[in-house]
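Enquirer: This is the structure I want to talk about, given as structure tokens.
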Amino acid sequence: MNFSDSEIVASILTGEGFEASNDLLDADIILVNTCSIREHAEDRVRKRLHYFRSLKKKNPGLTIGLLGCMAERTKTALMEEEQLLDLVAGPDSYRHLPGLLAKVDSGQKAIDTILSADETYADINPVRLDTNGVSAFISIMRGCENFCSYCVVPYARGQERSRDPLSVIRESKDIFLQGYREVTLLGQNVNSYHWKDGKEAVNFPLLLERIAVLDRRLRVRFATSHPKDLSPELIRTIAAYPNICRAIHLPVQSGSNLVLDKMNRKYTREEYLEKIKAIRSQIPDCAISTDIITGFCDETEEDHKQTLELMKEVAFDYAFMFKYSERPQTIAADHYNDNVPANVKERRLREIIDLQHELSSASNHRDLGETFEVLIEGTSKRSDKQYFGRNSQNKVLVFPITRQKPGEYVNVKVKRATSATLIGEAI
Ligand code: 5AD
Ligand code: SF4
């Protein structure tokens, strides 16, 4: 999401005559797009700001701005604390950046952290940054109103709002014509996408379908789904279109009903498992990945065991795993006790990571001997004689270079597997 937001910022500023630089030392303005999801993310931003301080000493004319969630969350606090920042802009203020930069030019500090109920940047054509020319992100909604008790997003990104489907379809068409072959539709909870214009109502499965029919050679992915909103209609839509990728990221967070309830996730372990069953029965080759938080308030050893059991039962292909990190302002910070000791969190996370390592490895070994259609993304970092790309399940495959070019499809047979990569040969 932040990556996609940076592309919107780049578009707004290039439209005003600014130019993006690949060299930090060459830049007149540095804008840091920040994440607040865990304390660790904010710590990294603080460290980066210290480095920028040394750059500013050498070049006092350098403008430094803080963008995104941490800007929204801390407002003027970091500006006062750091005495380094010239500009602070929250995630709904990017249209105002040219004006804010002009204010900095006139010698003042500039700040705008007003959240909006309707800003979706729908009309802004993102400037693709760091692109491989093959896959692109398209933001389809902003904000979140689920208020999971541990999560800072509803406070940092504001109300949920969906983007006009016509603008999403137009952007998808444009990038296809430019040669891109994969779009990932982004939102905090894409399943609750909805748009109503007069008589016409568009929900997420309909939007997905409209993009899938643009061209069979365009792969469509999406992230992230909230399990409570994953509908039978969505599963049917994915099953009906081969170019909607067989990969669903469905964050479970915990395998214990007590913890899920405390997290305010609004589903039970049993309901989650039912959804998995529905996916597997209708899309048998679908990869399923997840997010897990360990050590949430009051989590017992029994709760932790239930998470491990659920992971085994689902056999996730991939997972992002985190220690609980208390975030200011959230329901959990205000009402619950962050009472799982650090060493226990650490040990539980280790057990979760070790188990997932085994599950990912088993998932990859199941693919040995299989043939997948792979979208070539480029040459492998390790060897310029190897291509890498992904299959529909979002697994990375590495294989000797073929006559096809990046952006083209090739069938690859898997010969070897590690827990992270499949190694194969084009056939
Ligand atoms: N502590 C740890 N992990 C968190 N996440 C969100 N908030 C927190 C927090 N306070 C994780 C969730 C979410 C992912 C994006 O980040 O697993 O799905
Ligand atoms: Fe945070 Fe929950 Fe919204 Fe995801 S759904 S962004 S975890 S509040």
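Computed from the coordinates by the stated procedures, all read-outs in this text should not be read as laboratory data. Keep in mind the model is a prediction, meaning the values are calculated, not measured. Backbone-built Cβ (ideal geometry, glycine too); neighbour counts: all protein chains shown.
Enquirer: Determine the relative contact order of the chain: mean sequence separation of Cα pairs under 8 Å and six or more apart, normalised by residue count, in whole percent.
Expert: Worked out over the chain, it gives 11 percent.
Enquirer: Kirkwood Rh over Cα pairs of the stretch 50-130 into Stokes-Einstein at 20 °C, 1.002 mPa s: D in µm²/s?
Expert: 157 µm²/s
Enquirer: What translational diffusion coefficient, to the nearest whole µm²/s, does the stretch 106-202 have by Stokes-Einstein, given a Kirkwood radius computed over alpha-carbon pairs, a temperature of 10 °C and 1.306 mPa s viscosity?
Expert: Here the translational diffusion coefficient equals 103 µm²/s.
Enquirer: Based on the alpha-carbon set only, what is the convex hull volume of the stretch 330-402 divided per residue, in Å³?
Expert: It is 168 Å³ per residue.
Enquirer: Stretched out fully, how many nm does the piece from T131 to L55 gain, at 0.36 nm a residue minus the Cα gap?
Expert: So the chain would gain 24.7 nm between T131 and L55.
Enquirer: Under a point-charge model restricted to the Cβ atoms of Lys and Arg (+1) and Asp and Glu (-1), what is the dipole moment magnitude of the chain relative to its Cα centre, in debye to the nearest 20?
Expert: Roughly 1080 debye, rounded to the nearest 20.
Enquirer: Please name whichever of N191, G143, H335 sits farthest to the positive end of the charge dipole of the chain, dipole taken about the Cα centre and charges placed at Cβ: Lys and Arg +1, Asp and Glu -1.
Expert: Comparing the listed Cα positions along the dipole, N191 ranks first.
Enquirer: Work out, in µm²/s and without decimals, the Stokes-Einstein translational diffusion coefficient of the stretch 185-228 at 4 °C, 1.567 mPa s, Rh from Kirkwood over C-alpha pairs.
Expert: For these conditions, the coefficient is 114 µm²/s.
Enquirer: Roughly how big is the stretch 380-427's charge dipole about its Cα centre, with Cβ charges of +1 (Lys, Arg) and -1 (Asp, Glu), in debye to the nearest 20?
Expert: 100 debye
Enquirer: State, in angstrom, two size descriptors of the chain derived from its alpha carbons: Rg to one decimal place and Dmax to the nearest whole number.
Expert: 22.4, 64
Enquirer: Over the stretch 343-401, what relative contact order in percent results from Cα pairs under 8 Å that are six or more residues apart?
Expert: Relative contact order comes out at 21 percent.
Enquirer: Treating only the Cα positions of the stretch 40-198 as identical point scatterers, give the base-10 log of I(q)/I(0) from the Debye formula at each q in 0.10, 0.14, 0.16, 0.18 Å⁻¹.
Expert: Listed by q, the Debye log ratios stand at -0.46, -0.87, -1.06, -1.20.
Enquirer: Related question: Using the alpha-carbon centroid of each, what span in Å lies between the stretch 200-228 and the stretch 103-173?
Expert: If we compute the Cα centre of each part, the gap is 18 Å.
Enquirer: Taking every eigenvalue of the Cα gyration tensor of the stretch 1-112, multiplying by 5 and rooting it, what semi-axes result, largest first, whole Å?
Expert: They are 19, 17, 14 Å, listed largest first.
Enquirer: With a ≥ b ≥ c taken as the square roots of the eigenvalues of the C-alpha gyration tensor of the stretch 182-309, please select rounded if a/c is under 1.5 and otherwise prolate if a/b is larger than b/c or oblate if it is not?
Expert: Prolate shape, in that a/c is at least 1.5 and a/b is the bigger ratio.
Enquirer: Calculate, in nm to one decimal, what T418 and A20 gain on full extension: separation in residues at 0.36 nm each, minus their alpha carbon distance.
Expert: Gain in length upon complete extension: 139.5 nm.
Enquirer: Which cysteines in the chain lack any other cysteine whose Cβ sits under 4.7 Å from their own Cβ?
Expert: C35, C69, C144, C245, C286, C297 - these cysteines have no disulfide-compatible partner (Cβ-Cβ under 4.7 Å) in the chain.
Enquirer: Per 10 Å bin from zero, what fraction in whole % of the C-alpha pairs of the stretch 9-74 is there, up to the bin with the longest pair?
Expert: 19, 47, 32, 2
Enquirer: Sum -39500 (n - 2.57) across every DSSP H segment of at least 4 residues in the chain, then divide by the residue count to get the 222 nm mean residue ellipticity, nearest 500.
Expert: The helix contribution divided over the chain gives -11000 deg cm²/dmol.
Enquirer: Two decimals is fine: what's Rg over Rh for the stretch 284-427, C-alpha atoms, Kirkwood radius as Rh?
Expert: Checking Rg against Rh, the ratio lands at 1.12.
Enquirer: Determine the gain in length on full extension of the stretch E358-T300; use 0.36 nm per residue of separation and subtract their C-alpha separation, reporting nm with one decimal.
Expert: 18.5 nm
Enquirer: Beyond a 25 Å Cα-Cα separation, which of these cross-linked pairs lie in this structure: K57/K109; K199/K277; K312/K395; K173/K266?
Expert: Checking Cα-Cα distances, K199/K277; K173/K266 exceed 25 Å.
Enquirer: Mark the label point 7 Å from the Cα of L214 along Cα→Cβ and return the residues of the stretch 148-182 whose backbone N is within less than 19 Å of it.
Expert: Counting backbone N atoms under 19 Å from the label point, the list is 162-182.
Enquirer: For the stretch 1-138, with the dipole built from +1 on Lys and Arg beta-carbon atoms and -1 on Asp and Glu ones, taken about the Cα centre, which of I64, I111, L101 lies farthest toward the positive end?
Expert: Ranked along the dipole, the leading option is I64.
Enquirer: Right, next: Give the residue from Q393, L422, Q404 lying farthest towards the positive end of the charge dipole for the stretch 371-425; charges sit on Cβ (+1 for Lys and Arg, -1 for Asp and Glu) and the dipole is referred to the Cα centre.
Expert: Projecting each Cα onto the dipole axis, the largest value belongs to L422.
Enquirer: What distance in nm lies between label points placed 7 Å from Cα along the C-beta direction at Q282 and L258?
Expert: Label at Q282, label at L258, 3.5 nm between them.
Enquirer: Which Rg and Dmax, in Å, describe the Cα atoms of the stretch 234-329?
Expert: Just the Cα atoms of the stretch 234-329 yield Rg and Dmax of 14.4, 43 Å.
Enquirer: Could you work out the relative contact order of the stretch 84-173, using alpha carbon pairs under 8 angstrom and six or more residues apart, expressed as a whole percent?
Expert: Once normalised by length, the contact order is 27 percent.
Enquirer: How big is the stretch 127-259 along each principal axis, measuring the range of its Cα positions in Å and listing the largest first?
Expert: The principal-axis extents, from largest down, are 48, 37, 31 Å.
Enquirer: When only alpha-carbon atoms are used, what values of Rg and Dmax, in angstrom, describe the stretch 166-242?
Expert: Rg then Dmax for the stretch 166-242, in Å: 12.4, 36.
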